[in-house]
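Here is the structure we will look at, set down as C-alpha coordinates.
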Amino acid sequence: MSAPHRAIAVDGYLRKAKKWQAEMKKLRRISLDCGLTEELKWGKPCYTFEEGNVVIIQGFKDYCALLFCKGALLKDAKGILIQQTENVQAARQIRFTNVRQIAEMAPVLKAYVREAIEAEKAGLEVKYKKTSDFKIPEELQNRFDEDLAFKKAFDALTPGRQRGYILYFSAAKQSKTRESRVEKCMQQILNGKGLNDQ
(Lines give C-alpha, C1' and ligand atoms only; values in the text may rest on other atoms or scores of the structure.)
Protein backbone atom coordinates (compact mmCIF):
# COMPACT_ATOMS: atom_id res chain seq x y z
CA MET A 1 0.00 0.00 0.00
CA SER A 2 1.36 3.42 -0.92
CA ALA A 3 1.82 6.21 1.60
CA PRO A 4 -1.42 8.08 2.28
CA HIS A 5 -1.94 11.30 0.38
CA ARG A 6 -2.74 14.24 2.69
CA ALA A 7 -4.40 17.32 1.26
CA ILE A 8 -3.20 20.77 2.30
CA ALA A 9 -6.80 22.00 1.99
CA VAL A 10 -7.86 19.54 4.71
CA ASP A 11 -5.10 20.85 6.99
CA GLY A 12 -6.67 24.30 6.63
CA TYR A 13 -10.17 22.96 7.15
CA LEU A 14 -9.18 21.24 10.39
CA ARG A 15 -7.28 24.28 11.68
CA LYS A 16 -10.39 26.43 11.20
CA ALA A 17 -12.85 23.91 12.65
CA LYS A 18 -14.49 25.45 15.69
CA LYS A 19 -16.04 22.19 16.85
CA TRP A 20 -15.04 18.51 16.73
CA GLN A 21 -11.45 19.32 15.75
CA ALA A 22 -9.83 16.52 17.80
CA GLU A 23 -12.48 14.01 16.69
CA MET A 24 -12.04 14.91 13.02
CA LYS A 25 -8.25 14.63 13.30
CA LYS A 26 -8.65 11.12 14.74
CA LEU A 27 -11.06 10.11 11.94
CA ARG A 28 -8.60 11.58 9.43
CA ARG A 29 -5.77 9.43 10.83
CA ILE A 30 -7.93 6.29 10.60
CA SER A 31 -8.95 7.07 7.00
CA LEU A 32 -5.37 7.78 5.93
CA ASP A 33 -4.14 4.62 7.72
CA CYS A 34 -6.41 2.67 5.39
CA GLY A 35 -4.51 4.03 2.37
CA LEU A 36 -7.19 6.38 1.07
CA THR A 37 -6.47 9.59 -0.82
CA GLU A 38 -7.54 12.75 0.97
CA GLU A 39 -9.35 15.61 -0.75
CA LEU A 40 -11.63 18.47 0.23
CA LYS A 41 -14.99 17.93 -1.49
CA TRP A 42 -18.28 19.66 -0.77
CA GLY A 43 -16.34 21.63 1.84
CA LYS A 44 -15.57 18.46 3.87
CA PRO A 45 -12.61 16.08 4.18
CA CYS A 46 -13.33 13.28 1.69
CA TYR A 47 -11.34 10.06 1.30
CA THR A 48 -11.25 8.29 -2.02
CA PHE A 49 -10.01 5.07 -3.58
CA GLU A 50 -9.10 5.38 -7.27
CA GLU A 51 -11.28 8.51 -7.48
CA GLY A 52 -14.31 6.74 -5.95
CA ASN A 53 -15.63 8.44 -2.81
CA VAL A 54 -15.36 6.09 0.20
CA VAL A 55 -15.83 8.16 3.38
CA ILE A 56 -16.44 11.79 4.33
CA ILE A 57 -15.81 13.39 7.72
CA GLN A 58 -18.73 15.55 8.80
CA GLY A 59 -19.23 17.92 11.72
CA PHE A 60 -22.70 18.73 13.02
CA LYS A 61 -24.04 20.61 16.03
CA ASP A 62 -24.47 17.55 18.28
CA TYR A 63 -21.99 15.08 16.80
CA CYS A 64 -19.34 14.47 14.21
CA ALA A 65 -19.62 11.57 11.82
CA LEU A 66 -17.79 9.32 9.44
CA LEU A 67 -20.08 9.01 6.44
CA PHE A 68 -19.71 5.94 4.21
CA CYS A 69 -20.73 7.06 0.72
CA LYS A 70 -22.02 3.58 -0.19
CA GLY A 71 -22.74 2.48 3.36
CA ALA A 72 -25.91 0.68 2.29
CA LEU A 73 -23.65 -1.95 0.69
CA LEU A 74 -21.80 -2.74 3.94
CA LYS A 75 -22.69 -5.73 6.08
CA ASP A 76 -22.74 -3.60 9.27
CA ALA A 77 -21.85 -6.56 11.50
CA LYS A 78 -21.78 -4.28 14.58
CA GLY A 79 -25.10 -2.55 13.78
CA ILE A 80 -23.55 0.91 14.03
CA LEU A 81 -24.42 2.47 10.67
CA ILE A 82 -27.11 5.17 10.71
CA GLN A 83 -29.30 6.18 7.78
CA GLN A 84 -29.70 9.95 8.30
CA THR A 85 -33.24 10.13 6.87
CA GLU A 86 -35.58 7.69 5.18
CA ASN A 87 -34.79 9.32 1.82
CA VAL A 88 -31.04 8.73 1.99
CA GLN A 89 -30.48 5.70 -0.20
CA ALA A 90 -26.73 5.01 -0.28
CA ALA A 91 -24.87 6.83 2.50
CA ARG A 92 -24.65 5.71 6.13
CA GLN A 93 -23.00 7.42 9.11
CA ILE A 94 -21.24 6.39 12.28
CA ARG A 95 -21.66 9.20 14.84
CA PHE A 96 -19.36 10.31 17.64
CA THR A 97 -19.46 12.83 20.47
CA ASN A 98 -15.89 12.46 21.77
CA VAL A 99 -12.39 11.28 20.80
CA ARG A 100 -12.47 8.35 23.25
CA GLN A 101 -15.35 6.73 21.31
CA ILE A 102 -13.35 6.97 18.09
CA ALA A 103 -10.17 5.62 19.71
CA GLU A 104 -12.05 2.65 21.19
CA MET A 105 -13.72 1.90 17.86
CA ALA A 106 -10.62 2.39 15.69
CA PRO A 107 -10.20 -1.30 14.77
CA VAL A 108 -13.90 -1.59 13.87
CA LEU A 109 -13.82 1.65 11.88
CA LYS A 110 -10.78 0.45 9.93
CA ALA A 111 -12.57 -2.84 9.18
CA TYR A 112 -15.61 -0.93 7.88
CA VAL A 113 -13.41 1.37 5.76
CA ARG A 114 -11.59 -1.65 4.31
CA GLU A 115 -14.94 -3.29 3.49
CA ALA A 116 -16.01 -0.05 1.76
CA ILE A 117 -12.74 -0.06 -0.22
CA GLU A 118 -13.40 -3.66 -1.28
CA ALA A 119 -16.90 -2.68 -2.47
CA GLU A 120 -15.32 0.15 -4.48
CA LYS A 121 -12.69 -2.21 -5.95
CA ALA A 122 -15.45 -4.65 -6.94
CA GLY A 123 -17.37 -1.85 -8.66
CA LEU A 124 -20.47 -2.43 -6.51
CA GLU A 125 -23.25 0.12 -6.88
CA VAL A 126 -26.25 0.94 -4.71
CA LYS A 127 -29.56 0.20 -6.42
CA TYR A 128 -31.41 3.50 -6.24
CA LYS A 129 -35.17 3.88 -6.29
CA LYS A 130 -36.41 5.29 -9.57
CA THR A 131 -38.05 8.69 -9.57
CA SER A 132 -41.31 6.96 -10.53
CA ASP A 133 -41.13 5.03 -7.22
CA PHE A 134 -41.61 8.27 -5.26
CA LYS A 135 -45.19 9.36 -4.53
CA ILE A 136 -46.11 12.66 -6.18
CA PRO A 137 -47.61 14.99 -3.56
CA GLU A 138 -51.29 15.74 -4.22
CA GLU A 139 -50.58 19.48 -4.42
CA LEU A 140 -48.01 18.95 -7.17
CA GLN A 141 -50.33 16.59 -9.06
CA ASN A 142 -53.14 19.18 -8.85
CA ARG A 143 -50.82 21.78 -10.40
CA PHE A 144 -49.86 19.31 -13.16
CA ASP A 145 -53.57 18.76 -13.92
CA GLU A 146 -54.16 22.53 -14.14
CA ASP A 147 -51.06 23.44 -16.13
CA LEU A 148 -49.79 21.03 -18.80
CA ALA A 149 -46.83 23.28 -19.68
CA PHE A 150 -45.71 23.05 -16.04
CA LYS A 151 -46.03 19.24 -16.07
CA LYS A 152 -44.05 19.09 -19.32
CA ALA A 153 -41.31 21.29 -17.81
CA PHE A 154 -41.16 19.08 -14.70
CA ASP A 155 -40.97 15.91 -16.83
CA ALA A 156 -38.07 17.44 -18.79
CA LEU A 157 -35.98 17.82 -15.60
CA THR A 158 -33.33 15.22 -14.84
CA PRO A 159 -34.51 12.41 -12.53
CA GLY A 160 -32.35 13.77 -9.71
CA ARG A 161 -33.90 17.23 -9.99
CA GLN A 162 -37.40 15.71 -10.07
CA ARG A 163 -36.61 13.71 -6.91
CA GLY A 164 -35.24 16.80 -5.20
CA TYR A 165 -38.49 18.68 -5.77
CA ILE A 166 -40.70 15.71 -4.85
CA LEU A 167 -38.84 15.21 -1.57
CA TYR A 168 -38.86 18.94 -0.80
CA PHE A 169 -42.59 19.28 -1.46
CA SER A 170 -43.42 16.05 0.41
CA ALA A 171 -41.40 17.06 3.49
CA ALA A 172 -43.94 19.73 4.45
CA LYS A 173 -46.48 18.41 6.95
CA GLN A 174 -49.37 20.69 5.97
CA SER A 175 -51.07 20.80 2.60
CA LYS A 176 -50.99 24.60 2.63
CA THR A 177 -47.19 24.56 3.00
CA ARG A 178 -46.80 21.98 0.21
CA GLU A 179 -48.99 24.15 -2.03
CA SER A 180 -46.90 27.22 -1.20
CA ARG A 181 -43.67 25.37 -1.96
CA VAL A 182 -44.98 24.24 -5.34
CA GLU A 183 -46.05 27.83 -6.16
CA LYS A 184 -42.66 29.26 -5.16
CA CYS A 185 -40.77 26.70 -7.27
CA MET A 186 -42.89 26.88 -10.41
CA GLN A 187 -40.78 29.46 -12.26
CA GLN A 188 -37.57 27.63 -11.38
CA ILE A 189 -39.05 24.40 -12.79
CA LEU A 190 -40.32 26.20 -15.91
CA ASN A 191 -36.77 27.50 -16.36
CA GLY A 192 -35.44 23.92 -16.29
CA LYS A 193 -33.61 24.40 -13.01
CA GLY A 194 -33.27 22.11 -10.02
CA LEU A 195 -34.20 23.07 -6.48
CA ASN A 196 -30.68 24.23 -5.58
CA ASP A 197 -29.62 25.54 -8.99
CA GLN A 198 -28.85 29.26 -9.27
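Observations, loosely collected:
- Positive-end ranking of 149, 164, 20 along the dipole of the chain, with charges on Cβ about the Cα centre, is headed by 20.
- Volume per residue of the convex hull around the Cα atoms, evaluated for region 134-198, comes out as 76 Å³.
- Local electrostatic count at residue 193 - Lys and Arg +1, Asp and Glu -1, tallied over other residues with Cβ under 14 Å: +1
- Inter-site label distance for residue 193 and residue 106 at 7 Å from Cα along Cβ, in nm: 4.8 nm
- Whole-Hz couplings from phi, Karplus 6.51/-1.76/1.60, listed for region 55-66; x for Gly and Pro: 9, 10, 8, 10, x, 10, 4, 9, 6, 10, 9, 9
- Helix 175-190 vs. the chain, principal-axis angle (Cα, 0 to 90°, nearest 10): 90 degrees
- Packing, as the average of other Cβ atoms within 10 Å across residues, places the peptides 119-126, 37-44 in the order 37-44, 119-126, highest first.
- Heavy-atom surface analysis with a 1.4 Å probe gives the chain a carbon and sulfur content of 50 percent of its accessible area.
- Rounded to the nearest 10 degrees, the inclination of helix 99-121 to the longest alpha-carbon principal axis of the chain is 70 degrees.
- For the set 19/176; 127/151; 18/110; 26/70, the pairs lying more than 32 angstrom apart at their alpha carbons are 19/176.
- Of the two radii for region 42-198, the radius of gyration is 1.07 times the Kirkwood radius, both from the alpha carbons; that is the Rg over Rh value.
- Base-10 log of normalised Debye intensity for region 48-92 (one unit scatterer per alpha-carbon) at q = 0.15, 0.17, 0.18, 0.22 Å⁻¹: -0.40, -0.51, -0.57, -0.82
- Helix axis angle, 159-171 relative to the chain longest principal axis, alpha carbon, degrees: 80 degrees
- On a per residue basis, the chain carries 59 Å² of accessible surface, using protein heavy atoms and a 1.4 Å probe.
- Net charge over other residues, Cβ less than 13 angstrom from the Cβ of residue 102 (K, R count +1; D, E count -1): +4
- Given charges at Cβ of Lys, Arg, Asp, Glu: region 50-104 dipole, positive-most of 103, 56, 93: 103
- Distance (nanometres) between label positions extended 7 Å along Cα→Cβ at residue 29 and residue 135: 4.8 nm
The values are calculated or read from the model by the stated rules, or taken from the named source; none is laboratory data. For clarity, every value in this text was computed on a predicted model and none was experimentally measured. Please note: Cβ atoms are built from the backbone with ideal geometry, for glycine as well, and neighbour counts cover all protein chains shown. The protein model used for the area step is the full one, side chains on, heavy atoms only, and it has no ligands, DNA or RNA in it. Shrake-Rupley method; radii C 1.70, N 1.55, O 1.52, S 1.80 Å.
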